[in-house]
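Asks: I have a structure I would like to understand better, so I am pasting it below and will then ask my questions one at a time.
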Amino acid sequence: MSTPLEDERALILVVERDVHVRALERYFLEEAGYKVEFAEDGPHALARVREIGPRILISEILVPGLDGLSVCRAIKADPATSHIIVLIFSILTAEERAIEAGADGFLRKPLDDTLLVSCVEKLLQQHRTQKGE
Amino acid sequence: MERVSTGNPELDLILSGGFPRNSINIVMGVPGSGKTILVEQLAFANAGPDCRALYLTTLSEPLPKLVSYLQNYEFVDINRIGTDIIYHSLGEHSLRDGLSNEPQRLIDEIFQLITKHRPRIIIIDSFKAIADLLPDAQAWRRLSFDLAGVLGAYGTTSFWVGEYTWETGAGPTEFAIADGIIELERIQRGSRDERYLRVAKLRGSDFLDGNHAFRIAADGLHVFPRFVTPSAAPDYQPIRERLQTGIAGLDAMVQEGWLRGTTTLIQGPSGAGKSMIALHFLRQGAMDGEPTLLVNFQENPAQLRRTMDSLGWDSDHLLRPENIDHLYISPVELQIDTIVQEMFRRISERGIKRLVVDAIGDLRKSAYDPSRFDDYIYALIQHCAATNVAAMFTFETPRGYLDHPLVMTDVSYMSDNIVSLTMELGDDLHRGIRILKTRGSAHDGRRRTLRIGSQGVTVE
């Protein structure tokens, strides 16, 4: 059973192509106490999900190979990974499409550090509540 | 679309509400054109605990000097410097030690500043100075692209200030990257400077195009949005009320008075009595309890007071702002945008019911673009009609000119009423008056005698 303390150190897989967004996400999420790994395209993201088993996946929609929404659907369709929280963080105004794809949350770019960290915290809290932890 | 206010309501109006949030904007202009004041005013207007502004200076101006001069402006609160607004000299770290060898150092420094201060507004002044430190255009293109990337990744609205001019070429790299470009211009006309502001680009947003006059005051920029001629006359309900000028003989020539909301052009040579008729018109308004506005360019307040006193009028009473509000503008300081904006402001704020512009020819001289003078007059006349202001414009015709034809044809066809004054110089000076046109009203078109006596004008 995970605890809030463990969630603070939760592993986050960020699927992002933009080097500047990646650098900022890493800085603010690590500052908030999370561990951060990266994938630069959709297929790589799915492979990393299976490999490292992140608590959360944060993905842009516009990533090469397989778009972020397809990555989300694949994760949610697989019983082995469906428990992973997916946050779509995109330049596109696509909240409805993200929710339809099974995402747990949506944030629009550009990056707002306060918003990003609070959103991650909220999603982890919701997940804990749903699991009765 | 979310906007960042400029801290200046008129400039916000030009920008359809302000700069789009999270955009990159260039503020360009020659030295001394007001670029730094514009962005400083914006920074102080927006900055707060939840919206920190980061002001980055480069090698163009030492930071202590910039901050020192800044304190002269009323919008500056020095207690907020260092908390809400952070000043930082990029030159001390990335630039001075050889940007050309390691341009990435600049990106790294800005990244560190963003993560440290988390600013919502970033100003780089001067941005152009950075380009001058790089060996070639290709290196600059890469650096500015990277810089746009890091600024765009974080939710900041950025301003790149630079001494750019259009003469520098088709537009440097940063012009293509920027979402918005504001150009400040300073033009010398005779002994005075005129300042204009223009939006050259504002991606994804509407804006008011053209040159907008502005001036710099202790409280920042005062911007006067360019008049846009209404494509159609405003919808309004005219009031069929007759107004008197206080000159009984003249009022009798137009069915006992002039219709409210109409514009009357009084034309004639110098000394024919134009200004006197206009003063009677205002005085009668004041006596009837109507706030009036006199805009003139030749007769200063002391001279006006003397004129009224010589007629036996109570100038102290009449020249109270609630009776005759006097807007005197020295001919040296004329700038039509600022004058017309000020007229509109006073008409609105003081509920002006009668307006005199003495003389319209002086106003024409102040037009930056003389071909657009008619647009200003049309807008002014329409505004008066819609707000039921009775307006009177005087126009001086050349000496030797005795009667029509009209000289200011464009203004005359826009005016509802035209009164022509004449002077015949024989053994005696004989002044004449004739009504050439009244719109929506009958008039006596015969020529009458006009006399100027110790108590003012009479018409026989």
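Asks: May I have the pair-distance distribution P(r) for segment B:242-459, computed from all Cα-Cα distances with 10 Å bins from 0 and rounded to whole percent?
Replies: Histogramming segment B:242-459 at 10 Å steps yields 8, 36, 40, 15, 1 percent.
Asks: Next question, about the same structure. Sorted by average packing, counted as other Cβ atoms within 10 angstrom per residue and highest first, what order do A:39-50, B:301-312 take?
Replies: Working: A:39-50: 18.3, B:301-312: 14.3.
With the highest mean Cβ count within 10 Å placed first, the list reads A:39-50, B:301-312.
Asks: Do me a favour and compute the ellipsoid semi-axes for chain A from its Cα gyration tensor, root of five times each eigenvalue, largest one first, whole Å. Mind showing how you got there, number by number?
Replies: Details: eigenvalues 76, 60, 41 Å².
The three semi-axes for chain A are 19, 17, 14 Å.
Asks: For peptide A:110-116, compute the average count of partner chain beta-carbon atoms within 10 Å of each residue's beta-carbon. Show your work: numbers first, answer last.
Replies: Working: counts 8, 6, 5, 5, 3, 1, 0.
Mean shielding by partner chains, rounded to a whole number: 4.
Asks: Moving on. Can you tell me the 0 to 90 degree angle between the C-alpha axis of helix B:35-46 and the longest principal axis of chain B, rounded to 10?
Replies: With both axes taken from Cα atoms, the answer is about 80 degrees.
Asks: Shifting gears a bit: Tell me the relative contact order for segment B:3-224 as a rounded percent, counting alpha carbon contacts under 8 Å between residues six or more apart. Please report the intermediate quantities before stating the final value.
Replies: Numbers: 405 pairs, mean separation 68.2, N = 222.
RCO, segment B:3-224: 31 percent.
Asks: Looking only at Cα atoms, what is the convex hull volume of segment B:3-224 per residue, in Å³? All intermediate terms of the calculation are to be shown ahead of the outcome.
Replies: Working: hull volume 27.0 nm³, N = 222.
Convex hull volume per residue, Cα atoms: 122 Å³.
Asks: Per residue of B:152-164, count partner chain C-beta atoms within 10 Å of its C-beta, then hand back the mean as an integer.
Replies: Mean number of neighbouring Cβ atoms from other chains: 3.
Asks: Around B:ILE121, under 12 Å between beta carbons, what's the net of Lys plus Arg minus Asp minus Glu among the other residues? The partial results should precede the final answer.
Replies: Working: positive: B:ARG21, B:ARG52, B:ARG118, B:ARG120; negative: B:GLU40, B:ASP50, B:ASP84.
Here the count lands on +1.
Asks: What's the local net charge at B:SER144, with K and R +1, D and E -1, over the other residues with C-beta under 11 Å away?
Replies: Combined, the nearby Lys, Arg, Asp and Glu give +1.
Asks: For B:MET253, what is the net charge nearby, where nearby means another residue's Cβ is under 13 Å from its Cβ and Lys, Arg count +1, Asp, Glu -1? If you can, show how the numbers build up before the last one.
Replies: Values: positive: B:ARG242, B:ARG434, B:LYS437, B:ARG446, B:ARG447, B:ARG448; negative: B:ASP251, B:GLU256, B:ASP444, B:GLU460.
Once all neighbours under 13 Å are counted, the net charge is +2.
Asks: Could you tell me what percent of the DSSP beta bridges with both partners in chain B are antiparallel, to the nearest 5? Don't jump to the answer; show the numbers that get you there.
Replies: On the way: 39 of 89 bridges.
Expressed as a percentage, antiparallel bridges in chain B total about 45.
Asks: Just list whichever of A:LYS109/B:LYS128; A:LYS109/A:LYS131; B:LYS35/B:LYS65 have alpha carbons separated by over 24 Å in the model shown. Mind dumping the intermediate values first?
Replies: Values: A:LYS109/B:LYS128 28 Å; A:LYS109/A:LYS131 30 Å; B:LYS35/B:LYS65 16 Å.
In this structure, A:LYS109/B:LYS128; A:LYS109/A:LYS131 lie more than 24 Å apart at Cα.
Asks: Also, quick follow-up: Order of B:155-164, A:52-61 by packing, highest average Cβ count within 10 Å first? Before the final figure, lay out each step's value.
Replies: On the way: B:155-164: 24.7, A:52-61: 21.8.
Per-residue mean Cβ counts within 10 Å order the peptides as B:155-164, A:52-61.
Asks: Quick one: plug the Kirkwood hydrodynamic radius of chain B (C-alpha pairs) into Stokes-Einstein at 4 °C, 1.567 mPa s, and report D in µm²/s. Show your work: numbers first, answer last.
Replies: On the way: Rh = 25.1 Å.
In µm²/s, the coefficient rounds to 52.
Asks: At 20 °C and a viscosity of 1.002 mPa s, what translational diffusion coefficient does Stokes-Einstein give for the protein assembly as shown, taking Rh as the Kirkwood radius over Cα pairs? Give it in µm²/s as a whole number.
Replies: Details: Rh = 28.8 Å.
Calculated translational D: 75 µm²/s.
Asks: Still on this model: Run lengths n ≥ 4 of DSSP H only: what is the helix-derived mean residue ellipticity at 222 nm for chain A, with -39500 (n - 2.57) per run over all residues, to the nearest 500?
Replies: Helix-only estimate at 222 nm: -14000 deg cm²/dmol.
Asks: Using only atoms on other chains, find how many Cβ atoms lie within 10 Å of each Cβ of peptide B:259-266 and report the average.
Replies: Details: counts 0, 0, 0, 0, 0, 0, 0, 0.
That works out to 0 on average.
Asks: Setting aside same-chain residues fewer than 8 positions from B:LYS274, which lysines have a Cα under 29 Å from its Cα?
Replies: Filter leaves B:LYS353, B:LYS365, B:LYS437.
Asks: In addition: In degrees between 0 and 90, to the nearest 10, how far off the longest principal axis of chain B does helix B:336-350 point, with axes built from Cα atoms?
Replies: 70 degrees
Asks: Compute the long axis of helix B:137-153 from its Cα atoms, compare it with the longest principal axis of the Cα atoms of chain B, and write down the angle in degrees, 0 to 90, nearest 10.
Replies: Its long axis makes an angle of about 80 degrees.
Asks: Normalised by the residues of chain B, what does the relative contact order come to in percent, with Cα pairs under 8 Å and at least six apart? Write down the numbers at each step before the final one.
Replies: Values: 877 pairs, mean separation 69.8, N = 460.
RCO, chain B: 15 percent.
Asks: Let me know the charge dipole size of the protein assembly as shown about its Cα centre in debye, to the nearest 20, where only the beta-carbon of Lys, Arg (+1) and Asp, Glu (-1) is charged.
Replies: Values: 64 positive and 82 negative charges, 222 e Å.
It works out to roughly 1060 debye.
Readers should treat all values here as calculations from the given coordinates under stated rules, not as data from a laboratory. Model, not experiment: these values are computed from the prediction. Here the Cβ is made from the backbone with ideal geometry for all residues, glycine too, and neighbour counts use every protein chain on show.
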